[in-house]
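**Student:** Mind looking over this structure? Questions follow.
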Amino acid sequence: MDHLKDHIQGSRKQYDKDSLSESDLTEMPFELFGRWLQMALDENVPEPIAMNLATVDATGRPSSRIVLLRGFDQNGFVFYTNYNSSKGNQMHDQPMVALNFYWQELHKQVRIEGHVIQIPESISDEYFNSRPRESQLGAWASAQSERLNSRLELEEKLALIEQKYKDQPVPRPPHWGGYQVIPNLFEFWQGRPDRLHDRFQYTLQNNSWQSNRLSP
């Protein structure tokens, strides 16, 4: 373990890919987010739409995991999951959540905070119908976050679902669908040399976005 300790404590990286100044800011944070996401796509960053979703349960205990962004506009950020999963239950009990995008190759990070709502069933249906058939079947087979006795148990469930919907469309499970995170805070972080990073925070005040530079 000592060699890991030495590596962790001795690891250093200079962040010098870009800068972020007041002149780079946009009136709406969604526009700046879109620009940065497009940069990540253009640079072929691995999994550019991967985002960390942080939730808390009814007692205030936090947890986080990576989910995939499946849409965004000035109304919020959309992802899909099982409503009965751990995160689904936590969002039901406490709808305040946080997102984090980190594009290591660009030395860029975006933090987002807000509240989450379920999106209309019609939109979830449309997205579910666009998924590969294997993913559709998997949504039925997996009781997400519940204990499994073995991998075989999951595969047997999948086989039953495949037989049930053989030669017919797979409908969206009633326990699966989309959520939208409606932000009230953005933070844009641009890595800079010597840990003197550029940080700008947008906060929603009286239906208007206000921006401020933060100390690194």
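The values are calculated or read from the model by the stated rules, or taken from the named source; none is laboratory data. Everything quoted here is computed from the prediction, not taken from an experiment. Glycine gets a Cβ as well: all are built from the backbone with ideal geometry, and neighbour counts include every protein chain shown. Protein only, heavy atoms only, side chains kept; ligands, DNA and RNA dropped before computing areas. Shrake-Rupley method; radii C 1.70, N 1.55, O 1.52, S 1.80 Å.
**Student:** Please find, among 28, 39, the residue that is open to solvent by 40 Å² or more (accessible area, probe 1.4 Å), touching a helix residue (DSSP H, G or I) at 6+ places or on another chain (Cβ under 8 Å) and not aromatic (Phe, Trp, Tyr).
**Tutor:** Exactly one of 28, 39 is open to solvent by 40 Å² or more (accessible area, probe 1.4 Å), touching a helix residue (DSSP H, G or I) at 6+ places or on another chain (Cβ under 8 Å) and not aromatic (Phe, Trp, Tyr), namely 39.
**Student:** Which condition does residue 56 not pass, out of (1) touching a residue at least 40 places away in the same chain (Cβ under 8 Å); (2) exposed (fewer than 11 other Cβ atoms within 10 Å of the Cβ); (3) within 23 Å of the chain's Cα centre (by Cα), if it passes all the others?
**Tutor:** Failed condition: (2).
**Student:** Of the residues that make up segment 94-109, is at least one touching a Phe, Trp or Tyr at 6+ places or on another chain (Cβ under 9 Å), in contact (Cβ under 8 Å) with a residue 40 or more places away in the chain and at positive phi?
**Tutor:** yes
**Student:** Of 213, 147, which residue is farther than 30 Å from residue 22 by Cα and of a type in the set (Lys, Arg)?
**Tutor:** The conditions single out 147.
**Student:** Quick check on my filter: what residues within segment 11-55 are closer than 20 Å to residue 183 by Cβ and among the aromatic types (Phe, Trp, Tyr)?
**Tutor:** 30, 33, 36
**Student:** Under 7 Å between Cβ atoms, at least 6 apart or on separate chains: pull out the pairs that start in segment 176-194 with a residue that is of a type in the set (Lys, Arg) and end on any residue that is open to solvent by 30 Å² or more (accessible area, probe 1.4 Å) and not in a strand (DSSP E or B).
**Tutor:** Once the first residue is of a type in the set (Lys, Arg) and sits in segment 176-194, its partners that are open to solvent by 30 Å² or more (accessible area, probe 1.4 Å) and not in a strand (DSSP E or B) give 192/15; 192/19.
**Student:** In addition: Counting only residues that are open to solvent by less than 70 Å² (accessible area, probe 1.4 Å) and not aliphatic (A, V, I, L, M), which one in segment 42-53 is nearest to the chain's Cα centre (by Cα)? Talk me through it step by step, then tell me what you get.
**Tutor:** Of all residues in segment 42-53, those open to solvent by less than 70 Å² (accessible area, probe 1.4 Å) come to 45, 48-53.
Now drop any that are not not aliphatic (A, V, I, L, M), which leaves 48, 52.
Details: 48: 10, 52: 5 Å.
My answer is 52.
**Student:** Please go through segment 156-189 and pick out each residue that is polar (S, T, N, Q) and within 19 Å of the chain's Cα centre (by Cα).
**Tutor:** If the condition is that a residue be polar (S, T, N, Q) and within 19 Å of the chain's Cα centre (by Cα), then 180, 184 are the ones that fit.
**Student:** Residue 62 is checked against (1) open to solvent by 60 Å² or more (accessible area, probe 1.4 Å); (2) touching a Leu at 6+ places or on another chain (Cβ under 9 Å) and fails just one. What number does that condition carry?
**Tutor:** (2)
**Student:** Considering only residues that are polar (S, T, N, Q), in contact with a helix residue (DSSP H, G or I) (Cβ under 9 Å, 6 or more places away or on another chain) and crowded, with 16+ Cβ neighbours inside 10 Å, look in segment 66-115 and name the one that is nearest to residue 127 (Cα to Cα).
**Tutor:** Only one residue tops the list, namely 81.
**Student:** Of all residues in segment 120-148, which are more than 23 Å from residue 65 (Cβ to Cβ) and either modelled with pLDDT under 95 or of a type in the set (Lys, Arg) (or both)?
**Tutor:** Once the filter is applied, which keeps residues that are more than 23 Å from residue 65 (Cβ to Cβ) and either modelled with pLDDT under 95 or of a type in the set (Lys, Arg) (or both), segment 120-148 yields only 133.
**Student:** Shifting gears a bit: Within segment 43-73, how many residues turn out to be touching a strand residue (DSSP E or B) at 6+ places or on another chain (Cβ under 9 Å) and among the polar types (S, T, N, Q)?
**Tutor:** Counting residues in segment 43-73 that are touching a strand residue (DSSP E or B) at 6+ places or on another chain (Cβ under 9 Å) and among the polar types (S, T, N, Q) gives 4.
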